[in-house]
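The structure under discussion appears below in the form of structure tokens.
The values are calculated or read from the model by the stated rules, or taken from the named source; none is laboratory data. Being a predicted model, the structure only gives us computed values, none of them experimental. Using ideal geometry, Cβ is built from the backbone for each residue, glycine included, and neighbour counts are taken over all protein chains shown.
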């Protein structure tokens, strides 16, 4: 189990190691071909910032060799914003007084058709955590409804038990995204004071359960901004390395949800640690240099100008035209979004941006015939 | 020697097989494949959109050539058989590049599942070309179940490392009764030429062409290298002399004795 690896590292030591990295150590990490976790630590350190250009050059080359000049396209389908958890950074948080909505069968199909019409064949189902209304049975039913429409179905919902994952995989689920939010146990608890989500260890074990269920792909990540992003990224990389060794038949992807200010009931909430654009590029390149085959995903949280430049730097998948409110595509476009979208461009516009850079948007990279 | 290559019911003049992945645009792919002179193009079932909803649908950009659907993405024999049947329907060919790589990192083929699937697919009437490790014994086992050719790897796929499995490829080529297509890892035209000089019947190249900064010229370079390598093989390469001419021969005394 990952916890055996996790417990070997002390947060403060990791933070200290990263801060104390020397330029020589960074150069060493840049020159080697098979990079270790220690090399990754060096590459995400402040000392590596002056080496951003050579990192970007290498990142682009490695990504093209492995993935070609392609960007995979996906869109989220928000099924519900009901949630029994309190997450201090999320608009769907239980204590945020918003109108709650869970899509009916008919509405799910309307939304799915709208996403299809945008050109998508890969869809990501998203819910809050509310076991009464959007429990496993609801999700299972939703997958059954939309499966004939899509080549590839991903899901980003609360952590589930092993038999539940097995059931959903049999139903046609291919990928599960489950972010740890932060690997800092105490900080995690302050941001998740109530509900099932407050159990840090249960969440930490989730990728193990997914591996045991033999999931095709799982997505990892930390919410960049809750804690020291460098240490959180180190633990994410550690998690990735553990999982790849243990569940060698699964694919992995990393996301970079950088926290942005959100609208809560009566205030705008801002976060502790702020990550600059330069640092986010550094992190993306560092992941690529550390791991040549992990998929790297960039959402519409980021601005158009930033996203455009990242197409050639190591990213392998992107969303576009995303709606982060249930019913947002067709049923009820005006409801409150989970987080603010910074890139409002349509999939067709993003597609031409990708093409103009000599890349191909890939809409279908899976087949429903694969079980 | 017959200059053309026959696999199952088809005859090929070009011994350069190609792929469709990783190109920066469909038109560039089309041009490069045309320049390569290829007559057999592999295409991943998972990338094929049977409903043709996208404007740059992969299939509409392929030059006239035989299609070789592949099962990239499957992890077991059972999935491969199912995918093969889907491919046969979607692409209207019973040719199949059988790829089963449960390891998504290095995409190394699973020999056990591959043999199982090959046996079943041959029975179902497919022309099966399995992608495998350069394992001479596995090649013989696959021949026995009736595959149309074998496709051993030169190096891990996409690595451009060349003929890292050289010693085993030599054994496979020596022993095989079906065509041998060296697939995966060929990064330079010289790698392809070396495989052809060795006696491979064909090579399959994708990444090195698709990811090149000039895919069209790179495709031409591979075309020429494959032709040159084949020509050299047919003309019988001079063998390197591996022994030295000693200045004081050990057996000279025999002349003095006579």
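One residue stands out among those in the stretch B:18-37 that are surrounded by 23 or more Cβ atoms within 10 Å (Cβ to Cβ) and assigned to a helix (DSSP H, G or I): the one that is nearest to the other protein chains (Cβ to nearest Cβ), which is B:29. Residue count for the stretch A:205-221 under the criterion of being in contact with a helix residue (DSSP H, G or I) (Cβ under 6 Å, 6 or more places away or on another chain) and over 22 Å from residue A:153 (Cα atoms): the result is 0.
Taken together, B:67, B:59 contain a single residue that is surrounded by fewer than 22 Cβ atoms within 10 Å (Cβ to Cβ), in a strand (DSSP E or B) and either at pLDDT below 90 or more than 9 Å from chain A (Cβ to nearest Cβ) (or both), which is B:67. Please identify the pairs in which a residue from the stretch B:73-87 that is touching a residue at least 60 places away in the same chain (Cβ under 8 Å) and more than 7 Å from every other protein chain (Cβ to nearest Cβ) has its Cβ atom under 8 Å from the Cβ atom of a residue that is crowded, with 24+ Cβ neighbours inside 10 Å and in a loop (DSSP other than H, G, I, E, B), counting only partners at least 6 apart or on another chain. Taking only residues 6 or more apart or on different chains, not a single pair turns up.
When only residues in the stretch B:152-167 that are within 14 Å of chain A (Cβ to nearest Cβ) and touching a helix residue (DSSP H, G or I) at 6+ places or on another chain (Cβ under 7 Å) count, which is surrounded by the most Cβ atoms within 10 Å (Cβ to Cβ)? Even if it seems obvious, please write down each step before you answer.
Kept after step one, since they are within 14 Å of chain A (Cβ to nearest Cβ), are these residues of the stretch B:152-167: B:155-161.
If we keep only those that are touching a helix residue (DSSP H, G or I) at 6+ places or on another chain (Cβ under 7 Å) as well, we get B:158, B:160.
Numbers: B:158: 24, B:160: 16.
The qualifying residue surrounded by the most Cβ atoms within 10 Å (Cβ to Cβ) is B:158.
Number of residues in the stretch A:301-325 that are surrounded by 19 or more Cβ atoms within 10 Å (Cβ to Cβ), out of contact with any helix residue (DSSP H, G or I) (no Cβ under 8 Å at 6 or more places or on another chain) and in a loop (DSSP other than H, G, I, E, B): the value is 5. So is residue B:118 buried (at least 18 other Cβ atoms within 10 Å of the Cβ), assigned to a helix (DSSP H, G or I) and within 12 Å of chain A (Cβ to nearest Cβ) or not? It is false that residue B:118 is buried (at least 18 other Cβ atoms within 10 Å of the Cβ), assigned to a helix (DSSP H, G or I) and within 12 Å of chain A (Cβ to nearest Cβ). Checked against (1) out of contact with any helix residue (DSSP H, G or I) (no Cβ under 6 Å at 6 or more places or on another chain); (2) at pLDDT 90 or above; (3) over 22 Å from residue A:301 (Cα atoms), residue A:95 passes all but condition (2). When each of A:56, A:29, A:48 is tested for being within 30 Å of residue A:120 (Cα to Cα), more than 14 Å from every other protein chain (Cβ to nearest Cβ), touching a helix residue (DSSP H, G or I) at 6+ places or on another chain (Cβ under 6 Å) and part of a helix (DSSP H, G or I), the lone residue that passes is A:56. Selection within the stretch A:348-365: residues that are within 8 Å of chain B (Cβ to nearest Cβ) and not in a helix (DSSP H, G or I). The member of this set that is surrounded by the fewest Cβ atoms within 10 Å (Cβ to Cβ) is A:358. Total residues in the stretch B:95-106 satisfying the condition of being within 17 Å of residue B:138 (Cβ to Cβ) and surrounded by 18 or more Cβ atoms within 10 Å (Cβ to Cβ): the figure is 5.
A residue that is away from chain B (no Cβ under 14 Å), free of Cβ contacts under 8 Å to residues at least 12 places away in the same chain and either crowded, with 21+ Cβ neighbours inside 10 Å or in a helix (DSSP H, G or I) (or both) cannot be found anywhere in the stretch A:61-74.
Scanning the stretch A:326-337 for residues that are in contact (Cβ under 8 Å) with a residue 40 or more places away in the chain and surrounded by fewer than 21 Cβ atoms within 10 Å (Cβ to Cβ), which turns out nearest to the chain's Cα centre (by Cα)? Break it down into steps so the answer makes sense when it comes.
Taking the stretch A:326-337 first, the residues in contact (Cβ under 8 Å) with a residue 40 or more places away in the chain are A:326-332, A:335-337.
Right, trim to surrounded by fewer than 21 Cβ atoms within 10 Å (Cβ to Cβ) and you get A:330-332, A:335-337.
Working: A:330: 24, A:331: 25, A:332: 25, A:335: 23, A:336: 21, A:337: 17 Å.
Residue satisfying both the conditions and the ranking: A:337.
Taking (1) more than 11 Å from every other protein chain (Cβ to nearest Cβ); (2) modelled with pLDDT under 95; (3) more than 19 Å from the chain's Cα centre (by Cα); (4) buried (at least 20 other Cβ atoms within 10 Å of the Cβ) in turn, residue B:92 satisfies each apart from (4).
Inspection of the stretch A:166-177 identifies at least one residue that is within 19 Å of the chain's Cα centre (by Cα), away from chain B (no Cβ under 14 Å), within 27 Å of residue A:88 (Cα to Cα) and touching a residue at least 24 places away in the same chain (Cβ under 8 Å).
Here residue B:104 fulfils each of the conditions (1) in contact with a strand residue (DSSP E or B) (Cβ under 7 Å, 6 or more places away or on another chain); (2) under 17 Å from residue B:8 (Cα atoms); (3) free of Cβ contacts under 8 Å to residues at least 24 places away in the same chain apart from (2).
Do the conditions hold for residue A:111, that is, is it more than 30 Å from residue B:157 (Cβ to Cβ) and part of a loop (DSSP other than H, G, I, E, B)? For residue A:111, the condition - more than 30 Å from residue B:157 (Cβ to Cβ) and part of a loop (DSSP other than H, G, I, E, B) - is not met.
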